Amino acid sequence: NASACITGKPINQGGIHGRTSATGRGVFHGLENFIKEAEYMAMCGQTPGWGGKTFIVQGFGNVGLHTCRYLTRAGAKCIGIAEWDGSIVNPDGIDPKALEDYKLDNGTIVGFPGAKPYEGESLLFEECDILVPAAMEKVINKDNAHKVQAKIIGEAANGPITPAGDKILQEKGCLIIPDMYINAGGVTVSYFEWLKNLNHVSYGRLTFKYERESNYHLLQSVQDSLERRFGKVGGGIPVLPNHNFDSRMSGASEKDIVHSGLDYSMERTAKNIMATARELNLGLDLRTAAYINSISKIFTTYRDAGISY
């Protein structure tokens, strides 16, 4: 079981598919769970859904890159990206794949032909619907929080908003999705990798062939039923899988299972945070709701183990 001690390994050394993009994918799911909620969107003056929403990302490393990719696929528009050596903007949208290729070739986002250099004070203060600080801690604090115009902030970095900054933003009606929840995608998939290593078998490997044959038998059963009902005049009635079903004939791949498990984990946790926030009338204070849920779980574990007092 020694390989389970380290996660984020290469696939051929016991790693798991989907780990590289896991944190960014988790940021996407974390945002989506609240952006689809009309109640929370009304609180911060937004409409539900991704359509028409703009976003700015601070940091174009692993987390920022994959966050850009998933948010763009969902229908949002990336209008600005900030990095340590320069920032770029494009009100018509920045293509994350083209920017990724450019950065791999040049080692920087500066000079990217699909956007213009940013010349203002800080991209963090520019107008957008969603702000994703995915680089450093304490970038939004009591001295600059009043300048932030975004109505939704996803804390992809660890501690990007100080407590004083958090208070100012909440008073402005900003929905902050806390780091302890939204950037947990990486450690969640690391947990899946740990389980895989302890089981010493890839997810889905034991059931691929059985599920594929079962689905073929299902299609054959439907064909037989149709032919018994309508006859075979002019030939049989072939029942063939469409593209989507054919791609799933063998059941879920390891990547499918990882993505599904991460999606479910983020959705379930978001619902629990919302429930606590409603129950305690916390409004937009999701951070307090998340802390309450976490501490409650720890207490329950201690109590059931007989070590609480």
Taking the stretch 164-183 on its own, how many of its residues are part of a loop (DSSP other than H, G, I, E, B) and open to solvent by 10 Å² or more (accessible area, probe 1.4 Å)? 3
When you scan the stretch 190-309 for helices (runs of 4 or more DSSP H) that lie fully inside it, which ones turn up with 1 or more residues that are open to solvent by 60 Å² or more (accessible area, probe 1.4 Å), under 30 Å from Leu175 (Cα atoms) and of a type in the set (Asp, Glu)? 254-279
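Suppose we keep only residues that are open to solvent by 20 Å² or more (accessible area, probe 1.4 Å), touching a residue at least 12 places away in the same chain (Cβ under 8 Å) and farther than 25 Å from Met266 by Cα within the stretch 140-163. Which one would you say is nearest to the chain's Cα centre (by Cα)?
Filtering the stretch 140-163 for residues open to solvent by 20 Å² or more (accessible area, probe 1.4 Å) gives 141-144, 146-147, 149, 151, 158-159, 162-163.
With touching a residue at least 12 places away in the same chain (Cβ under 8 Å) added as a condition, the list becomes 141-142, 144, 146-147, 149, 151, 158-159, 162.
From the residues that got through so far, the ones that are farther than 25 Å from Met266 by Cα too are 141-142, 144, 146-147, 149.
Numbers: Asn141: 25, Lys142: 28, Asn144: 27, His146: 27, Lys147: 27, Gln149: 23 Å.
Filtering the stretch 140-163 for residues that are open to solvent by 20 Å² or more (accessible area, probe 1.4 Å), touching a residue at least 12 places away in the same chain (Cβ under 8 Å) and farther than 25 Å from Met266 by Cα, the one nearest to the chain's Cα centre (by Cα) comes out as Gln149.
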Going through the stretch 91-139 one residue at a time, which ones are touching a residue at least 40 places away in the same chain (Cβ under 8 Å), crowded, with 19+ Cβ neighbours inside 10 Å and within 20 Å of the chain's Cα centre (by Cα)? Cys128, Asp129, Ile130, Leu131, Val132, Pro133, Ala134, Ala135
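Of everything in the stretch 1-20, what is assigned to a loop (DSSP other than H, G, I, E, B) and either closer than 16 Å to Tyr203 by Cβ or in contact (Cβ under 8 Å) with a residue 60 or more places away in the chain (or both)? Give them in sequence order.
Of the residues in the stretch 1-20, the ones assigned to a loop (DSSP other than H, G, I, E, B) are 1, 6-10, 14-20.
Correct list: Asn1, Thr7, Gly8, Lys9, Gly14, Gly15, Ile16, His17, Gly18, Arg19.
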Name the residues in the stretch 29-63 that are surrounded by fewer than 20 Cβ atoms within 10 Å (Cβ to Cβ) and either closer than 21 Å to Pro91 by Cβ or modelled with pLDDT under 95 (or both), would you? Gly45, Gln46, Thr47, Gly49, Gly51, Gly52, Thr54
Matching residues in the stretch 251-309 - criterion: being basic (Lys, Arg) and in contact (Cβ under 8 Å) with a residue 60 or more places away in the chain: Lys255, Lys271, Arg287
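Would you check if Leu175 is in contact with a Leu (Cβ under 9 Å, 6 or more places away or on another chain), of a type outside the set (Ser, Thr, Tyr) and at pLDDT 95 or above? Let's see the steps before the verdict.
Values: in contact with a Leu (Cβ under 9 Å, 6 or more places away or on another chain): yes; of a type outside the set (Ser, Thr, Tyr): yes; at pLDDT 95 or above: yes.
Here the answer is yes, as Leu175 does meet what is asked.
The values are calculated or read from the model by the stated rules, or taken from the named source; none is laboratory data. These figures come from a predicted structure and were not determined experimentally. Ideal geometry is used to build each Cβ from the backbone, glycine not excepted, and the neighbour counts take in all protein chains shown. For the accessible areas, the whole protein counts, side chains as well, though only heavy atoms, and no ligand, DNA or RNA atoms are used. Shrake-Rupley method; radii C 1.70, N 1.55, O 1.52, S 1.80 Å.
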